[in-house]
Structure formats: C-alpha cells, structure tokens
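Heads up: the structure comes next, in structure tokens.
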Amino acid sequence: MKRTISQTKLYLAIIVLAASILAISTVAMCEDSHKAITQDLINLVEKNPEIGDMLEKSIAKAKEINPDPQTNPVQNLSDYYDFIDSASELIPQDVLDDPANLTRDQILQSICYFYYLVDQPLPELENKGLFDNTIQYYEPFSSWLRDFADSWGMFLDTEASWNNETYQQFYDDPIYGLQGPWYESPSNWSTFNQFFSRYLASADQRPINSSNDTSVVVSPADSVPEGTWAIDNNSTIQVDGGLQIKLVRYFSVEDLLGNDSEYKDAFANGVLTHTFLNVNDYHRYHFAVGGKIVDNRSITQNVALEVKWNSTGKKYDPIDSTGWQFSQTRGYVIVDAGEYGLVALIPMGMAQVSSVNFEDGVIVGTTHEKGEMLGNFLFGGSDFVMLFQKQAGFEMTATPDVHILMGEKYGVMKGTAE
C-alpha cells in the first residue's frame with residue numbers, strides 16, 4: 001500500500017527545518033566554522049570519498065528533477081553543508097519573521113525537503129539488501145543521519161530551545177489544545193522537548209474506555225488508526241497483495257521484532273494494526289491492553305523518509321508505505337494478556353529526530369493495567385504498531401483515518417481457539 005501522508009501526520013518538532021530553506025541563501029560559512037555535526041559529515045566524506053560521491057549524485061538527481069533554486073536551494077555539496085548548519089540548532093520561532101504565517105504545509109515541506117535530497121535512487125546501491133537504493137539507508141551515512149537527529153535532539157533539551165514567543169506561537173493555534181484543560185502547567189516547560197512530551201493535567205483528561213473489561217483494546221495514543229493486516233502462518237504480513245523487499249519477499253514479524261527475538265513466530269495467523277500520531281497530538285503513549293511484560297527492547301535502525309517532488313503542485317510529497325516501519329528505529333514491549341495471548345506494543349520513530357522512550361518501570365516481569373503510561377516520543381515517533389496473536393481474535397472497531405484520543409476504544413479481542 002502506498003499513499004500520500006496528510007500534512008497533519010508530520011511533527012511540529014520538524015518546524016525548525018523550514019528555516020533551513022529560507023536561510024540557505026544567506027549562510028556563508030568557511031569550513032572551519034561549521035557546526036560540529038556538519039564537520040562530522042565533512043570528516044566522514046573525507047574518510048569515505050564514495051559517500052561524498054553518492055551524496056553529490058543524490059543532490060544532482062534532486063536538482064535534475066527540481067532545478068528551481070527557490071524550492072530546491074541545495075545545488076551542490078557545499079550548499080548541503082550550509083543547509084545542515086542552519087538546520088541543526090534552530091527553534092520553532094526562528095522559522096519565519098512572521099510566525100503567524102507558519103502553516104502545517106510549510107512544516108510538511110521542510111521535513112520533506114530534508115529527506116528529498118537523500119532519497120534519490122542510486123544504481124550503485126541496488127542489490128545491497130537496503131530498504132531502498134538511496135543513500136539515506138546506506139551505512140555509514142545512515143548512521144550520520146541518526147547522529148544528526150541526536151545532536152538536534154540534544155539542543156532541544158536545552159533552555160535555549162524554548163521561550164515565551166515559541167510558547168505563544170503554539171498556544172495561539174487551537175489545534176495544539178493548549179487553550180483547554182488537557183495539559184499540565186506550561187510553567188513546567190523550560191525546553192522544547194519538555195513541551196513536546198508534555199504531560200496531561202490529570203488522568204481524567206483521557207479516560208480509559210471499559211477499564212475493567214480486558215477484551216477491549218484502547219488507543220495507545222492520540223492518533224489516526226490506519227487499519228488491520230493479516231499475518232499468515234509463515235509470520236509474513238499481507239498488505240494489499242503483499243509488501244516486498246527488493247521484489248522478493250513480504251515483510252515479516254521477524255523483520256519487525258528482530259531475527260533474534262524468541263517471539264518472531266509467535267504472531268503467526270494473527271493481526272497487525274498501526275496508528276499515526278498527528279502534528280498536534282499528546283506525545284505520550286500508554287498500554288493499549290493490560291498484562292505482564294515478557295519482553296521489551298529498543299531497535300536502532302534508520303531515520304528516513306521517502307519523498308517525491310510533485311511538479312504539478314510544486315511541492316514535496318511524502319510517501320507512506322505500511323512497510324516503512326520495518327526499517328525504522330523503534331521499541332517494543334510484548335505483553336501477556338492472559339486468555340487473549342501475547343500483544344506486541346511497538347512505538348515507531350520516523351524521520352528527523354527518532355526518539356522512543358519507555359518509562360523506568362516498564363521492564364520484563366512487571367504487570368501493568370490498560371491505560372498506564374508506557375513511554376513518550378521526543379522529536380520523532382509517528383506511528384504505533386500492535387501485533388495480536390490468533391487466539392485474541394482482534395477486530396478494530398475504530399474508524400480508519402478518523403482521529404481518536406488515547407484511551408478511547410480502538411478494538412476488541414473476541415477470542416478464538418488457538
């Protein structure tokens with residue numbers, strides 16, 4: 001399945017990249033004054049000239065597709081280094097001179113442009129076992145992309161990343177819900193990440209549907225449910241005729257949980273479902289079912305996004321395939337839900353800063369109730385996947401593509417014979 005993601009499925013955290021496009025034409029730094037993360041890339045290119053060659057080819061292909069310097073200001077490798085400088089330490093109010101003109105479409109375009117430059121197919125990367133033959137999936141450049149994400153995330157953990165103007169910008173837009181009773185006092189936010197991962201004012205702001213009914217599955221996050229997909233008896237996931245890697249095989253539970261997971265075959269003949277977080281959403285996620293944790297881990301992989309230039313609309317379109325989750329940084333917790341079997345709860349990182357964090361008490365052997373806090377996303381994390389065993393008999397009751405709040409009814413486990 002492939003479709004264009006709606007603009008509301010991208011993160012407000014990526015706002016900072018919009019300034020990169022605006023500032024690129026005025027930034028003129030000599031190499032020795034580049035930001036540390038940019039210098040890391042320069043050093044990487046010097047040590048691995050093939051990375052520089054591929055990066056230049058990717059930029060050149062991007063320019064060939066969209067030669068307009070207004071919408072594609074990075075025309076060469078030097079421009080790219082300046083672009084990274086301007087993208088690495090910006091905060092939301094730096095985006096435009098008039099914050100009132102900041103729209104979600106601009107947010108969308110900024111994040112898409114960042115990845116457009118490194119999402120150009122390169123023949124030398126074909127048949128290398130990558131998710132796609134673009135440099136964003138190729139080591140060691142893909143590791144540098146994660147380093148960039150981490151570096152930017154660290155900046156957004158500092159007090160330099162938050163101020164009254166930034167707060168006012170989001171308060172004035174009602175889609176973020178700051179004008180109502182949902183959230184904790186803004187006096188608790190002294191960094192952008194504290195705002196981004198804000199707590200609710202109280203549990204009453206997200207009541208848990210059928211809290212005493214173990215068969216009811218609730219939404220783990222404020223999000224948009226996407227649907228369900230069958231898992232066959234070989235633990236491969238059937239999506240619109242089959243998702244494939246290199247046109248050879250379907251995506252599998254093993255791809256998702258890791259080939260060393262003892263649970264990679266535990267969900268055969270079960271169901272996968274996933275739900276996207278929106279730009280304005282509460283970014284903490286909760287247990288969708290109650291039970292005992294039997295496994296949890298974090299898997300660090302790509303920080304990537306597929307993007308195409310829309311020459312008719314003069315914009316960058318992100319491409320969402322259900323399979324992108326299998327190549328992204330993610331974490332998972334597998335819960336024993338009693339008579340309904342095992343349920344895997346899998347928060348996903350996506351794009352720029354990919355940070356999936358679990359609460360300290362979320363460890364193997366502990367038991368948690370439905371609706372308890374599971375963790376949070378910091379600048380990244382746009383998806384939440386759940387796997388159900390066959391015996392759960394899971395059916396999604398939420399309407400696909402219709403936004404729901406954390407704690408609202410997502411589905412039901414009707415139970416079946418194993």
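The values are calculated or read from the model by the stated rules, or taken from the named source; none is laboratory data. These figures come from a predicted structure and were not determined experimentally. In this analysis, Cβ positions are derived from the backbone assuming ideal geometry, glycine residues included, and neighbour counts consider all displayed protein chains.
Could we say that residue 98 is farther than 29 Å from residue 405 by Cα and at pLDDT below 85 here? It is true that residue 98 is farther than 29 Å from residue 405 by Cα and at pLDDT below 85.
For region 154-168, a tally of residues being over 23 Å from the mean Cα position of the chain (by Cα) and hydrophobic (A, V, I, L, M, F, W, C) returns 1.
Just one of the listed residues (383, 401) is over 17 Å from residue 214 (Cα atoms) and surrounded by 22 or more Cβ atoms within 10 Å (Cβ to Cβ), namely 383. Does at least one position in region 204-225 carry a residue that is within 23 Å of the chain's Cα centre (by Cα) and at pLDDT below 90? No, the conditions are met nowhere in region 204-225. Checking each residue in region 279-309 for being under 14 Å from residue 375 (Cα atoms) and touching a helix residue (DSSP H, G or I) at 6+ places or on another chain (Cβ under 9 Å) picks out 282, 283, 297.
Yes/no matrix, rows are residues, columns are (1) at pLDDT 75 or above; (2) of a type in the set (Val, Ile, Thr); (3) assigned to a loop (DSSP other than H, G, I, E, B); (4) touching a Cys at 6+ places or on another chain (Cβ under 6 Å):
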position: 298; (1), (2), (3), (4): yes, no, no, no
position: 304; (1), (2), (3), (4): yes, no, yes, no
position: 323; (1), (2), (3), (4): no, no, no, no
position: 332; (1), (2), (3), (4): yes, no, no, no
position: 347; (1), (2), (3), (4): yes, no, no, no
position: 350; (1), (2), (3), (4): no, no, yes, no
position: 353; (1), (2), (3), (4): no, yes, yes, no
position: 357; (1), (2), (3), (4): yes, no, no, no
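Just one of the numbered conditions (1) out of contact with any strand residue (DSSP E or B) (no Cβ under 7 Å at 6 or more places or on another chain); (2) modelled with pLDDT of 95 or more is not true of residue 254: (2).
Against the list (1) at pLDDT 95 or above; (2) closer than 17 Å to residue 390 by Cα, the condition residue 236 fails is (1).
Taking the conditions exactly as written (charged (D, E, K, R) and modelled with pLDDT under 95), does residue 53 satisfy them or not?
The answer is no for residue 53.
Residue 14 passes every criterion in (1) at pLDDT 50 or above; (2) not in a loop (DSSP other than H, G, I, E, B) apart from (1).
When restricted to residues that are assigned to a loop (DSSP other than H, G, I, E, B), within 16 Å of residue 162 (Cα to Cα) and either within 25 Å of the chain's Cα centre (by Cα) or among the basic types (Lys, Arg) (or both), region 173-203 contains 6. Restricting 171, 183 to those that are within 19 Å of residue 281 (Cα to Cα) and buried (at least 17 other Cβ atoms within 10 Å of the Cβ) reduces the list to 183. For region 49-66, a tally of residues being farther than 14 Å from residue 120 by Cβ and surrounded by fewer than 17 Cβ atoms within 10 Å (Cβ to Cβ) returns 2. Restricting attention to region 137-152 and to residues that are under 17 Å from residue 85 (Cβ atoms) and not aromatic (Phe, Trp, Tyr), the residue that is nearest to the chain's Cα centre (by Cα) turns out to be 149. Would region 152-161 turn up any residue that is touching a Lys or Arg at 6+ places or on another chain (Cβ under 8 Å), closer than 30 Å to residue 51 by Cβ and assigned to a loop (DSSP other than H, G, I, E, B)? Among the residues of region 152-161, not one is touching a Lys or Arg at 6+ places or on another chain (Cβ under 8 Å), closer than 30 Å to residue 51 by Cβ and assigned to a loop (DSSP other than H, G, I, E, B), which makes the answer no.
With respect to the conditions (1) crowded, with 17+ Cβ neighbours inside 10 Å; (2) at pLDDT 90 or above; (3) in contact with a Gly (Cβ under 9 Å, 6 or more places away or on another chain), residue 263 lacks only one, and its number is (3).
When region 278-307 is filtered for residues that are of a type in the set (A, V, I, L, M), buried (at least 19 other Cβ atoms within 10 Å of the Cβ) and under 18 Å from residue 362 (Cα atoms), the ones remaining, listed by number, are 288, 289, 293.
Consider region 266-288 and keep the residues that are outside any strand (DSSP E or B) and either of a type in the set (S, T, N, Q) or under 17 Å from the mean Cα position of the chain (by Cα) (or both). The one that is modelled with the highest pLDDT is 269.
The number of residues in region 372-406 being of a type in the set (Gly, Ala, Ser) and closer than 30 Å to residue 149 by Cα comes to 4.
For region 363-418, the set of residues classified as over 30 Å from residue 111 (Cα atoms) and modelled with pLDDT under 95 consists of 415, 416, 417, 418, listed by residue number.
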